[in-house]
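> Structure below; questions to follow.
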Amino acid sequence: MPALSLHPDLFSFNSLLHAYCRAGELFGASRVIPRVLSLGLHPDPVTFNTIIAALCRQSLRLPALCFLGAMRKYCKPNVVTYSTLIDMFCKMGDLDSAHKVFIDMRFENGVLPNAVTFTCLIDGFCKNDRLDEALRLYERMVEMGMSPNVFTFNALVDGVCKQGLMEKAEKVFDEMRERGVKPNAVVYTSMMNGYFKKGDLDAAMRYFNEMHGRGHQLDVKGYGVVISGFCSNGQLDRALAVKQEMEKRNLVADKVILTVLMYAYFRAGDVKKGLCLFDEMNGSGMDPDAVAVSVVVDGLCKNGLLKEAKEFLSRAKHTNEVSHTILFDGFCKFGDINEAEKVFLKMSEVGIKFDKFGYTSRIAGLCREGNVMEAFQLKNVMLQNGVDPDLLTFSTLIWGLAERGLMVEARQVFDDMVQKEITPDSVVYEILTRGYLKQNDTSALPGLQHDMEKRGLIRKTKS
């Protein structure tokens, strides 16, 4: 009996390709198409879309674009192809490339976008704080007769709420209902988050209750928004009640929620409970990250427990420049420059570089000690390390000079700041004014007042 010769068809190859891509085996996937061609088969859009989607999921833009070029030789890219590429670019934050693909698909290749395409772009623009462009895309989508879906509204509501435009958010929410799209837990969470950030707890809880009334349940991330909202508005007891409700549903508070609650406890002066939460996080196998460590260091410092903060940081597994800078700033504010210097040296030893806040904190500490010359030397080091002084840095230096009666030098620093296009605020003018008054020198005050009037910091005096 002659042997059977079985040749797989394109469907079989597409299935194999899908399996490779789902397993993340991109090398194996890349060998499928040459095999397809060697058997005289012609790959179709499904073939190319499968591998392009896998590459896009891993943000491999160049290989994805190479396969797009290869695709054009054998079949026409379709709306799925372009939507996948647009989604990748949006998630990478490369909105210009995403928009270019959007334009090319329509005007160079004659492929009309669908609701998914628009939603990918709208979501990308919203997440990158380009709300006006997102809203224009939404209007164009509607003009083209497409129906926005729940994901479109998820993106829009979230984008508008993050900008604090709650009146606009209400309009989008109402339009969603008018179009027959039912809000889901994601939309409700965005509305709650927006109102919490505005300090309108009643409005936030109105959406919370409405969501529950419609049978939607929060996930851990959603509960995190509510707990964070209460904590940021000084309502720790209500935040803890929400945490208890979450636990009754057998949902476990994650690292973000515990970190938020730790911060709230420390801010309320309850150091013991803040540390207990850190231990809870550690004991549950969550492995506290540098953010959680920084919250504890900050809490201990702000409650005057500098020694404990130093010991805690020395034992912490995960630290970064922020946690060390907080400790440094704590010692500076409490006037312990020797300990601050030790922290600074320790940071240098382990290769941690100061950021703008760290340099400014040290400059402030030196100025408080009267070491203005050293403060200016540190400012030069700051510049050499590519960190530009900001308004707070200059204000601190001006204050240090004014405290020592060096008003000529203080004015020179002020002029240098303005020359660097850093806009002075009322605090800087107040520092200069007090400095001149301490020297019984009123000759410069009219000029300062005129300058403040020009900048709109005070009303013009009637002559």
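> In region 117-131, how many are farther than 10 Å from G159 by Cα and charged (D, E, K, R)? I'd like the intermediate steps shown before the answer.
So the first thing to find is which residues in region 117-131 are farther than 10 Å from G159 by Cα, and the list is 117-121.
Among the residues that remain, those that are also charged (D, E, K, R) are: none.
Residues meeting the conditions: 0.
> For region 65-94, how many residues are buried (at least 19 other Cβ atoms within 10 Å of the Cβ) and under 27 Å from the mean Cα position of the chain (by Cα)?
Here the count works out to 8.
> What number of residues in region 357-378 are in contact with a Pro (Cβ under 9 Å, 6 or more places away or on another chain) and at pLDDT 85 or above? Walk me through it before giving the result.
The first filter runs over region 357-378 and keeps only residues in contact with a Pro (Cβ under 9 Å, 6 or more places away or on another chain), leaving 359-360, 363.
From the residues that got through so far, the ones that are at pLDDT 85 or above too are 360, 363.
Qualifying residue count for the region: 2.
> For G124, are the conditions met, namely being part of a loop (DSSP other than H, G, I, E, B) and either buried (at least 19 other Cβ atoms within 10 Å of the Cβ) or free of Cβ contacts under 8 Å to residues at least 24 places away in the same chain (or both)?
no
> Tell me which of these R106 doesn't satisfy, since it passes every other one: (1) of a type outside the set (A, V, I, L, M, F, W, C); (2) in a helix (DSSP H, G or I); (3) buried (at least 16 other Cβ atoms within 10 Å of the Cβ).
(3)
> All but one of (1) at pLDDT 90 or above; (2) in the same structural domain as A264 (by TED's automatic domain parsing) hold for V293, so report the exception by its number.
(2)
> Counting only residues that are among the charged types (D, E, K, R) and either under 19 Å from L16 (Cα atoms) or surrounded by fewer than 16 Cβ atoms within 10 Å (Cβ to Cβ) (or both), how many does region 50-64 have? Quick ask: steps written out before the conclusion?
Here is the first cut: in region 50-64, the ones among the charged types (D, E, K, R) are 57, 61.
Next cut, either under 19 Å from L16 (Cα atoms) or surrounded by fewer than 16 Cβ atoms within 10 Å (Cβ to Cβ) (or both) only: 57.
Adding up the residues that qualify gives 1.
> Between a first residue in region 34-46 that is part of a helix (DSSP H, G or I) and a second residue that is at pLDDT 90 or above and hydroxyl-bearing (S, T, Y), which pairs have beta carbons less than 7 Å apart while being 6 or more apart in sequence or on different chains?
Short answer, once both residue conditions are applied: P45/T81.
> Scan region 275-285 and give yes if some residue there is of a type in the set (S, T, Y) and assigned by TED's automatic domain parsing to the domain that holds L236, otherwise no.
Let us first name the residues in region 275-285 that are of a type in the set (S, T, Y), namely 284.
With assigned by TED's automatic domain parsing to the domain that holds L236 added as a condition, the list becomes 284.
Within region 275-285 (the criterion being of a type in the set (S, T, Y) and assigned by TED's automatic domain parsing to the domain that holds L236), the answer is yes, since at least one residue qualifies.
> Taking I326 as meeting all but one of (1) part of a helix (DSSP H, G or I); (2) of a type outside the set (D, E, K, R); (3) closer than 19 Å to L397 by Cα; (4) at pLDDT 80 or above, write down the number of the exception.
(3)
> Do we have K460 as of a type in the set (K, R), at pLDDT below 90 and either touching an Asp or Glu at 6+ places or on another chain (Cβ under 6 Å) or under 18 Å from I363 (Cα atoms) (or both) here?
Values: of a type in the set (K, R): yes; at pLDDT below 90: yes; either touching an Asp or Glu at 6+ places or on another chain (Cβ under 6 Å) or under 18 Å from I363 (Cα atoms) (or both): yes.
Answer is yes for this residue.
Conditions tested, residue by residue: (1) surrounded by fewer than 18 Cβ atoms within 10 Å (Cβ to Cβ); (2) in a helix (DSSP H, G or I); (3) of a type outside the set (A, V, I, L, M).
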| site | (1), (2), (3) |
| --- | --- |
| M262 | no, yes, no |
| F266 | no, yes, yes |
| F278 | no, yes, yes |
| G285 | yes, no, yes |
| P288 | no, no, yes |
| A292 | no, yes, no |
| V295 | no, yes, no |
| D298 | no, yes, yes |
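> Being free of Cβ contacts under 8 Å to residues at least 24 places away in the same chain, not in a helix (DSSP H, G or I) and not β-branched (V, I, T) is the requirement here; does G405 meet it? Give the derivation first.
On the way: free of Cβ contacts under 8 Å to residues at least 24 places away in the same chain: no; not in a helix (DSSP H, G or I): yes; not β-branched (V, I, T): yes.
Taking the combined requirement at face value, the residue does not satisfy it.
> Would you please name the residue that is nearest to the chain's Cα centre (by Cα), looking only at residues in region 309-345 that are farther than 16 Å from D289 by Cβ and of a type in the set (V, I, T)? It would help to see each step written out before you state the result.
Restricting attention to region 309-345, the residues satisfying the condition of being farther than 16 Å from D289 by Cβ are 309-311, 314, 325, 327-345.
Next cut, of a type in the set (V, I, T) only: 325, 337, 343.
Details: T325: 20, I337: 33, V343: 28 Å.
Within region 309-345, the match that is nearest to the chain's Cα centre (by Cα) is T325.
> Please enumerate the residues belonging to region 127-141 that are surrounded by 15 or more Cβ atoms within 10 Å (Cβ to Cβ) and in a helix (DSSP H, G or I).
K127, L131, E133, A134, L135, L137, Y138, M141
> Here's another thing I want to ask about it. Which residues, counting only those in region 255-277, are within 22 Å of K221 (Cα to Cα) and of a type in the set (K, R)?
K255
The values are calculated or read from the model by the stated rules, or taken from the named source; none is laboratory data. This one's a predicted model, so the numbers in the text were calculated from it and none came from an experiment. Virtual Cβ from ideal backbone geometry, glycine too; neighbours counted across all protein chains shown.
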